[in-house]
Ligand code: 13P
């Protein structure tokens, strides 16, 4: 099996806690000027909450879609500082859920994550469910157990009808924001992991569900390694942090995605 031609490729930029509202707007303006609209590639950017509304007004939806970086699973109520998927409805098409930084730094539990996946779907927002093992779990050979728990835990409130509306992003925590090549995940390693994830999806749901759910890879993706990651069997796109903050690099990765499809 090579690249899945039936499926779109997703290039998602997670800006994390970077860019002011003004900088976000200038970045989006330039990105839209320089990128072409490809039907086979879904380009998504995830700015901070404060930038979502202004960016939604300047968005060329044929080229770019918006994602939230997180959300509160409750619809409304006394959750100071929270932003719910109900409030995000209509503003974003995607929601990044369960990112390792949210799990580790904001103590989001499996319960919060599965409730967020359900809340996003209930509000017509496509969840991008992030899963990934830490360095210690990787070293101690616990990767498969951790990923199985995070995957099935995150999906446990999703109906069989909605299951193919979910996107999975595999981001090994040890490969995020690395500066040395030795810490990069190898395409072979990712291929084995993605095969394992699809096997779990097939066992739990069905073979067709396992084939239909897009799986993205994230972890120090840049213009030099994007082509190799995009051609990993079973991978349908990339979730990019650092390189998505540099317009030329992000555009380069979008163009690489187009090239590997042809
Ligand atoms: P980097 O691309 O900076 O490693 O970040 C990956 C990530 O966490 C995207 O969500």
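Counting just the residues of region 203-262 that are outside any helix (DSSP H, G or I), without any contact (Cβ under 8 Å) to a residue 40 or more places away in the chain and within 16 Å of the ligand (Cβ to nearest atom), which one comes out surrounded by the fewest Cβ atoms within 10 Å (Cβ to Cβ)? Can you show your working first?
Start the filter on region 203-262 by keeping residues that are outside any helix (DSSP H, G or I), which leaves 205-206, 213-225, 231-241, 246, 262.
Imposing the further condition that a residue be without any contact (Cβ under 8 Å) to a residue 40 or more places away in the chain reduces the set to 206, 221-224, 246, 262.
Imposing the further condition that a residue be within 16 Å of the ligand (Cβ to nearest atom) reduces the set to 221-224, 246.
On the way: 221: 28, 222: 15, 223: 16, 224: 12, 246: 14.
Looking at the filtered set, the residue picked out is 224.
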Condition met for residue 115 (assigned to a helix (DSSP H, G or I), without any contact (Cβ under 8 Å) to a residue 60 or more places away in the chain and within 21 Å of residue 44 (Cβ to Cβ)): no
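Condition check: more than 15 Å from the chain's Cα centre (by Cα) and at pLDDT below 95. Does residue 156 satisfy that? Steps first, answer last, please.
Working: more than 15 Å from the chain's Cα centre (by Cα): yes; at pLDDT below 95: no.
For residue 156, the condition - more than 15 Å from the chain's Cα centre (by Cα) and at pLDDT below 95 - is not met.
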Meets criteria (under 27 Å from residue 190 (Cα atoms), free of Cβ contacts under 8 Å to residues at least 60 places away in the same chain and part of a loop (DSSP other than H, G, I, E, B)) for residue 137: no
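Hey, which of the helices (runs of 4 or more DSSP H) in region 25-110, taking only ones fully inside, have at least 1 residues that are more than 30 Å from residue 136 (Cα to Cα) and more than 17 Å from the chain's Cα centre (by Cα)? Give the derivation first.
Working: elements: 49-58, 85-88, 100-105.
Answer list for region 25-110: 49-58, 85-88.
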Could you run through region 88-141 and say how many residues are surrounded by fewer than 24 Cβ atoms within 10 Å (Cβ to Cβ), within 13 Å of the ligand (Cβ to nearest atom) and closer than 18 Å to residue 214 by Cα? 1
Test residue 11 against the stated conditions and say whether it is surrounded by 13 or more Cβ atoms within 10 Å (Cβ to Cβ) and more than 16 Å from the ligand (Cβ to nearest atom). no
Condition first: closer than 18 Å to residue 96 by Cβ and surrounded by fewer than 16 Cβ atoms within 10 Å (Cβ to Cβ). Can you find one or more residues in region 167-177 that meet it? yes
Among residues belonging to region 162-177 that are out of contact with any strand residue (DSSP E or B) (no Cβ under 9 Å at 6 or more places or on another chain) and assigned to a loop (DSSP other than H, G, I, E, B), point out the one that is modelled with the highest pLDDT. 162
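The values are calculated or read from the model by the stated rules, or taken from the named source; none is laboratory data. This structure is a prediction, so every number in the text was calculated from the model and none was measured. FYI the Cβ positions are ideal-geometry reconstructions off the backbone, even for glycines, and counts take in every protein chain you see.
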